[in-house]
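Just so it is clear, none of the values below were taken in a lab; they were calculated from the coordinates. Predicted model, so just to flag it, every value in this text is computed and none were measured. Glycine also receives a Cβ, built like all others from the backbone with ideal geometry; neighbour counts cover every protein chain displayed.
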Amino acid sequence: MAPLIEAEEVFKIFKSGAKSVQALERVSFDVEQGSFVSLVGPSGCGKSTLLKIVSGLLPASSGSVSVAGRRVEGPLENVGMVFQSPVLLKWKSVLGNIMLPVEFARLDRTRYLEKARALVRLVGLEGFEEMYPYQLSGGMQQRVSLCRALVTDPQILLMDEPFGALDAMTRDELDIELLKIWDGKRKTALFVTHNIQEAVFLSDAIIVMSPRPGRVIERLAIDLPRPRSFEMMSSSKFCDTTLRIRGMLASASGNPAAAAGSTT
Amino acid sequence: MKFSLKDIAEPLIFFVILLLLWEVLVEIIKIPAFILPPPRDLYVAFVDKFYILYKHALVTFMEAVGGFALSFVLGVTFAVSVVYSRHLQNTIYPLIVILYAMPKSAFAPLMVIWIGYGLFSKIAIAFLVAFFPIVVNTVVGLKEVEPELLDLARINRASELDVFAKIRLPNSLPYMFAGIKVALVLSVTGAIVAEFVAANEGLGYLILQANYSLDTALALVILLILALLSLLLFMAVEILQKKMAPWSAEVRQLEGSF
């Protein structure tokens, strides 16, 4: 299959006054249509910046990103985005929040309301439709945020450490649910995380990035069978892969001891 | 919020003891009534002059609420224009900052020259003191939007009008209410000060009259009425806020109890 997202020699330099910080250096990668790809790297390596460039929210300093063969020059149409925080409107109900993209795009309300309700069922939020964000737990809020990203049925799902702020148990739960949803819809997914296990568990491929300025160290294909289950996490293939990635990240940061010492 | 019987009884008992102490001590120490009258005198003054008090309180109430309403309409309009127009930010805003640095009540004598002796010069002062808290809080509320929320709006190709109506304006509500509460109390103060300067009606005018005739009891009664007036306005806003922006007050409380 042809790649849906292609990044070619992307550089990003942030300038503020006389200072400039290079966030990304010669980043090239592609994402096949319908695949789940994760960007993994230490915090501050520019992976969130890269995601913003792919979505068209930020321009690249040089290089280019194209989606479906077309160069990205502004916010993309039909992209769903999930942020690290749920970013819900406090004054709207669960359903109201999920319908926000529909309202913005002036799409047919009644048609999408059905979709929204189906998504609510899919993530197990039935009965909470009329609740307000402050009445929900962090995990539930992030589920709402996921529904909102999916309601317009986008071609691409961009996720910026969506479960990074949640506790480990809730994150595991949401990872499983995310895969369940993704298996059903096969959206092209680009997922940013600094959790190596999470990345291996979810992805078809992992793009490992170096500390700032972010470069692509390697692209790894993960050939674990789908659907994924937690038992796979103890398989030797899973462990080998996470160890390999950890080693890459450690040597990229110039600290081989970190590879042996960490246990996450 | 739930009150237990203790929460109501405690302050009540405290106030009764305070009043009794006041009554007894004034008697024992023999403080002259024009310096500190006993609470009994206050009650008598309130009952005797109820109609006059009511008439003048109504005037002050109209001035304060009129000034506040004007400050709300103009304040919110101004805040929105400043947030959206760089030109206004560069031209009118510095002017407003200078005005902000002036003691607004000092305009009261000028207002008499400019607007006259009647109701409108008081409304003008109440407006002046209430205007700034509304503007400052609304501007902050319109600007303090999570950046990701704006990213989300851009990704979904929301129009500028949508971002205003569906994100910025509701986002500013809790801030606006905070400003409204300050503005309401200030507008009562503004009306009173304006009445001090030149008036023939209103509670400020009545305080001066009470002072001239050393009727300290009446002056104290008026102060209590003013406190009550401000409290009632404050509580009305509180109720409105719970209706219109329940998340502003409840967010913290609910987080605490979860």
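Take the alpha carbon gyration tensor of the protein assembly as shown, find the square roots of its eigenvalues, order them as a ≥ b ≥ c, and report rounded if a/c is under 1.5; if not, report prolate when a/b exceeds b/c, else oblate.
Prolate shape, in that a/c is at least 1.5 and a/b is the bigger ratio.
Mind checking the angle between helix A:138-150 and chain A's longest principal axis? C-alpha axes, 0 to 90 degrees, to the nearest 10.
Between helix and principal axis, roughly 80 degrees.
Can you give the charge dipole size of chain A about its Cα centre, rounded to the nearest 20 debye, using +1 on the beta carbon of Lys and Arg and -1 on the beta carbon of Asp and Glu? Can you show the working numbers first?
Details: 31 positive and 29 negative charges, 113 e Å.
Using Cβ point charges on Lys, Arg, Asp and Glu, chain A gives about 540 debye.
Run down the aspartates and glutamates and flag those whose C-alpha is under 17 Å from the C-alpha of B:LYS242, throwing out any fewer than 8 positions away in its chain.
B:GLU250, B:GLU255
If one takes the longest principal axis of the Cα atoms in chain A, at what angle in degrees, from 0 to 90 and to the nearest 10, does the Cα axis of helix A:109-122 lie?
The two axes meet at around 60 degrees.
Report the FRET efficiency, 1/(1 + (r/R0)^6), for A:GLU231 and B:TYR93, where r is their Cβ-Cβ distance and R0 is 60 Å, rounded to 0.05.
Details: r = 63 Å, r/R0 = 1.05.
After rounding, the FRET efficiency stands at 0.45.
To the nearest 20 debye, what is the magnitude of the charge dipole of the range B:39-257 about its Cα centre, counting +1 on the Cβ of each Lys and Arg and -1 on the Cβ of each Asp and Glu? If you can, show how the numbers build up before the last one.
Numbers: 15 positive and 15 negative charges, 52 e Å.
The calculated dipole for the range B:39-257 is roughly 240 debye.
For the protein assembly as shown, what is the charge dipole size about the Cα centre, in debye to the nearest 20, if Lys and Arg each add +1 at the Cβ and Asp and Glu each add -1 at the Cβ? Provide the component values of the computation, followed by the final result.
Details: 49 positive and 48 negative charges, 161 e Å.
Its charge dipole is roughly 780 debye.
Specify the angular offset, from 0 to 90 degrees and rounded to the nearest 10, of the alpha carbon long axis of helix A:168-185 from the longest principal axis of the alpha carbons in chain A.
That helix lies at roughly 70 degrees to the long axis.
Using only the Cα atoms of the range B:39-257, build the gyration tensor, take square roots of its eigenvalues as a ≥ b ≥ c, and label the shape rounded, prolate or oblate: rounded if a/c is under 1.5, else prolate if a/b is larger than b/c, else oblate. Intermediate results must be reported in sequence, preceding the final value.
Working: a/c = 3.47, a/b = 1.76, b/c = 1.97.
Judged from the Cα gyration tensor, the range B:39-257 comes out oblate (a/c at least 1.5, b/c at or above a/b).
Taking a threshold of 26 Å on the Cα-Cα distance, which of the pairs B:LYS104/B:LYS243; A:LYS90/A:LYS115; A:LYS52/A:LYS187; A:LYS92/B:LYS181; B:LYS49/B:LYS122 fall above it?
The pairs that break the limit, which is 26 Å between Cα atoms, are B:LYS104/B:LYS243.
Describe numerically, in nm with one decimal, the distance between label points set 7 Å from Cα along Cα→Cβ at B:LEU25 and at B:LEU208.
Distance between label points: 3.3 nm.
Give me the net charge for the shell around B:GLY75: Cβ to Cβ below 15 angstrom, other residues only, Lys and Arg +1, Asp and Glu -1. Before the final figure, lay out the partial values.
Working: positive: B:LYS104, B:LYS181; negative: none.
Combined, the nearby Lys, Arg, Asp and Glu give +2.
Taking +1 at the Cβ of each Lys and Arg and -1 at the Cβ of each Asp and Glu, which of A:VAL123, A:MET169, A:GLY63 sits farthest along the dipole of chain A towards its positive end, judged by Cα position relative to the Cα centre?
Of the options given, the answer is A:GLY63.
State, to one decimal in nm, how far the label point of B:ALA9 lies from the label point of A:LYS180, with both points 7 Å from Cα in the Cβ direction.
Label at B:ALA9, label at A:LYS180, 5.3 nm between them.
Which of the helices in chain B, when you take each full DSSP H run, stretch at least 24 Å along the axis at their Cα atoms and have an average Kyte-Doolittle score of -1.0 or higher?
Values: long enough: B:5-29 (35 Å, 1.95); B:50-84 (50 Å, 1.53); B:119-143 (36 Å, 1.91); B:169-197 (40 Å, 1.43); B:216-244 (42 Å, 2.11).
Span-like helices in chain B: B:5-29, B:50-84, B:119-143, B:169-197, B:216-244.
Using 1/(1 + (r/R0)^6) with R0 = 51 angstrom and r between the beta carbons of B:THR77 and B:ILE35, what's the FRET efficiency to the nearest 0.05? Each step should come with its number before you reach the end.
Numbers: r = 48 Å, r/R0 = 0.95.
Result of the calculation: an efficiency of 0.60.
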